[in-house]
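The values are calculated or read from the model by the stated rules, or taken from the named source; none is laboratory data. Note that the structure is predicted; figures quoted are calculated from it, not measured. Reconstructed Cβ throughout: ideal geometry from the backbone, glycine too, with neighbour counts over all protein chains shown. Surface accessibility is based on the protein's heavy atoms, side chains included, excluding ligands, DNA and RNA. Shrake-Rupley method; radii C 1.70, N 1.55, O 1.52, S 1.80 Å.
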Amino acid sequence: MMRIAKIEKISARVLVGALAVVSLLSTSVSARAQEEERPYPKMLPLSQYLMDRDAAIALARSAAPEGVAKDATVIVLTPKGWETAVKGTNGFVCMTGPAWTASIDFYDVWSPKQRGAVCLNPAAVRSILPIFNKLTEMTLAGVTGVKERIAGIQEAYAKKEIPPVEPGAMSFMMSKGAYLTHLGTTHNLCHVMFFLPIKDPAELNAGDPDTPIFSTSMWFPDPDKPDSPLNKELPPLRTVPIEVPFWSDGTPAFH
């Protein structure tokens, strides 16, 4: 796990976040804080995580530039799971939701403030969206324990409900209105994100403090190590966020 000093240095150059990597933002918190000081140690009533349908559609669309979002399918979170609100034509899927729809566990996974907006490209729709669907399905069924969530993901892979990550799988996360974390100096980060089937960040030189690339395990941010017993139990899958200078509406993201 990268500690605060290193995260601050990296985040000044590579702003990151996600429906899927909202867990990355928790790497600025110490291991002790993760274990003992979670603001939301357990899931709250489902109603606290749901959004007005029209607001959810608008926020989901804002994850990507208009040229992508206008023809994308939009799905919204309901008490029964993800539901198609708008049928698109370009193969992209835009969505917004709380952290538990895209993370097994991390410091702020049960926060009701989390509103991650993401537009997945077709490769990610086929190979990453099934992960989101499975995590959502488990959570709505009351499966919130780490061991049980690991087992559920393992079973889904074994049954081929979740395929291997496809080459080129990526997402837009450029929404000005998303809320990804209360940690640090901003609640939101402007980036695109790639999904790679690798376990060790050294393959990207991502452990070098001078590299402009950062990555984290899709599954757990702490301990985020290739030999972690937790990460060993799940297929290699890392998220690589890349800073972009403009929000989806074309306004500057950095000043």
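Taking the options L120, L135, L183, L189, name whichever one is in contact with a Leu (Cβ under 7 Å, 6 or more places away or on another chain) and modelled with pLDDT of 95 or more.
Exactly one of L120, L135, L183, L189 is in contact with a Leu (Cβ under 7 Å, 6 or more places away or on another chain) and modelled with pLDDT of 95 or more, namely L120.
I want to confirm something. Restricting to the range 192-220 and keeping residues that are of a type in the set (A, V, I, L, M, F, W, C) and part of a strand (DSSP E or B), which single residue is nearest to K134 (Cα to Cα)? Steps first, answer last, please.
Going through the range 192-220, the residues of a type in the set (A, V, I, L, M, F, W, C) turn out to be 192-196, 198, 202, 204, 206, 213-214, 218-220.
Retained after the next criterion (residues that are part of a strand (DSSP E or B)): 192-196.
Details: V192: 23, M193: 20, F194: 20, F195: 17, L196: 19 Å.
Only one residue fits best here, namely F195.
Scan the range 100-129 and report the pairs whose first residue is over 15 Å from V74 (Cα atoms) and polar (S, T, N, Q) and whose second residue is open to solvent by 10 Å² or more (accessible area, probe 1.4 Å) and at pLDDT 95 or above, with Cβ atoms within less than 9 Å and a gap of 6+ or a chain change.
Filtered contacts from the range 100-129: T101/L77; T101/W82; T101/N133; S111/L44; S127/P163; S127/P164; S127/V165; S127/E166.
Just checking, which of I10, I75 is open to solvent by less than 50 Å² (accessible area, probe 1.4 Å), at pLDDT 95 or above and within 20 Å of L180 (Cα to Cα)?
Step by step, each of I10, I75 is checked, and only I75 is open to solvent by less than 50 Å² (accessible area, probe 1.4 Å), at pLDDT 95 or above and within 20 Å of L180 (Cα to Cα).
Taking the range 79-96 only, how many residues are open to solvent by less than 20 Å² (accessible area, probe 1.4 Å) and either modelled with pLDDT under 95 or among the β-branched types (V, I, T) (or both)?
The qualifying residues number 2.
Filter the range 238-248 down to the residues that are part of a loop (DSSP other than H, G, I, E, B) and in contact with a helix residue (DSSP H, G or I) (Cβ under 8 Å, 6 or more places away or on another chain) and list them by number. I'd like the intermediate steps shown before the answer.
Initial filter on the range 238-248 (part of a loop (DSSP other than H, G, I, E, B)): 244-245, 247-248.
Across the range 238-248, the qualifying residue is only S248.
Does A102 satisfy being closer than 21 Å to P167 by Cα, modelled with pLDDT of 95 or more, of a type in the set (G, A, S) and in contact with a Gly (Cβ under 8 Å, 6 or more places away or on another chain)?
no
Out of N188, N133, report the one residue that is open to solvent by 20 Å² or more (accessible area, probe 1.4 Å), under 27 Å from S47 (Cβ atoms) and under 14 Å from the mean Cα position of the chain (by Cα).
Within the list N188, N133, the selection yields N133.
Can you tell which of Y107, Y157 is modelled with pLDDT of 95 or more and open to solvent by 10 Å² or more (accessible area, probe 1.4 Å)?
One residue alone meets the criteria, Y157.
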